[in-house]
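Peer 1: Pasting a structure here, questions to come.
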Amino acid sequence: MTKTEILDAINLLLVSKWPDRTVYVDVCPVDFNRPSFWLTVEKYDLTDGNRFLIRHDLQIRLTLYDELDEHYDVSWYRLSQETDAVTELLIRGWMVGRRHLKPLLKVLPRDPDRAYVQINLSWMDNRPGLDTGASTPAADAYSVTVRGDIN
């Protein structure tokens, strides 16, 4: 599973709920459309899980851009409702390939015209390059010998 597959899965969820909105992935242009979403990877760490596994920790920021009215103002109420709808949609988790991901979400302080949701994901994968060939065969027989002085 890659970062791109995860971003694509989140993009698909957002577009299925809000089909008329643009979702910008990784790069948001200066002249972006409103209302829209912007997904960007903020942090990606790989650490040892154990000698066979690698732990992946991914932090994604989702920015919600509200639409502007004729006075170039936004509705804080509408933006708050949409932030709630996004967190409700994402907290259920989603499928990426054969994996079900369950995110940890954090709603960050917002600006007047945009809101931010931090998406944290963690998962384990086999260590790259590790030969996971045949496992050690089970024993066919065993024996136990007990020695000691019984008084």
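The values are calculated or read from the model by the stated rules, or taken from the named source; none is laboratory data. Please read all numbers here as calculations on a predicted model, not as lab measurements. Using ideal geometry, Cβ is built from the backbone for each residue, glycine included, and neighbour counts are taken over all protein chains shown. SASA here: full protein model, heavy atoms, side chains in, ligands and nucleic acids out. Shrake-Rupley method; radii C 1.70, N 1.55, O 1.52, S 1.80 Å.
Peer 1: So for each of 137-144, 47-54 I average, over its residues, the number of other beta carbons within 10 Å; can you give me the resulting order with the highest mean first?
Peer 2: 47-54, 137-144
Peer 1: First compute the accessible area of the stretch 1-147 with a 1.4 Å probe, then give the percent of it belonging to carbon and sulfur atoms.
Peer 2: Of all accessible area on the stretch 1-147, carbon and sulfur atoms account for 51 percent.
Peer 1: On a 1.4 Å probe surface of the protein chains, which of 123, 76 comes out largest in accessible area, and what is the full order?
Peer 2: 76, 123
Peer 1: Sort the chain into rounded, prolate or oblate with this rule: let a ≥ b ≥ c be the square roots of the eigenvalues of the Cα gyration tensor; rounded if a/c is under 1.5, and if a/c is not under 1.5, prolate when a/b is larger than b/c, oblate otherwise. Walk me through the numbers on the way to the answer.
Peer 2: Values: a/c = 3.77, a/b = 2.96, b/c = 1.27.
Cα axes put the chain in the prolate bin.
Peer 1: Express the accessible area of the chain per residue in Å², computed with a 1.4 Å probe while the remaining protein chains stay in the model.
Peer 2: With the other protein chains kept in place, the chain gives 69 Å² per residue.
Peer 1: Please list, ordered by chain and number, the residues whose modelled amide H lies under 5 Å from the amide H of residue 96; skip anything fewer than 5 residues away on the same chain.
Peer 2: Excluding prolines and chain starts, which carry no amide H, the hits are 101.
Peer 1: Identify, among 36, 49, 112, the residue whose Cα sits farthest towards the positive end of the charge dipole of the chain, taking +1 on the Cβ of Lys and Arg and -1 on the Cβ of Asp and Glu, with the dipole about the Cα centre.
Peer 2: Result: 49.
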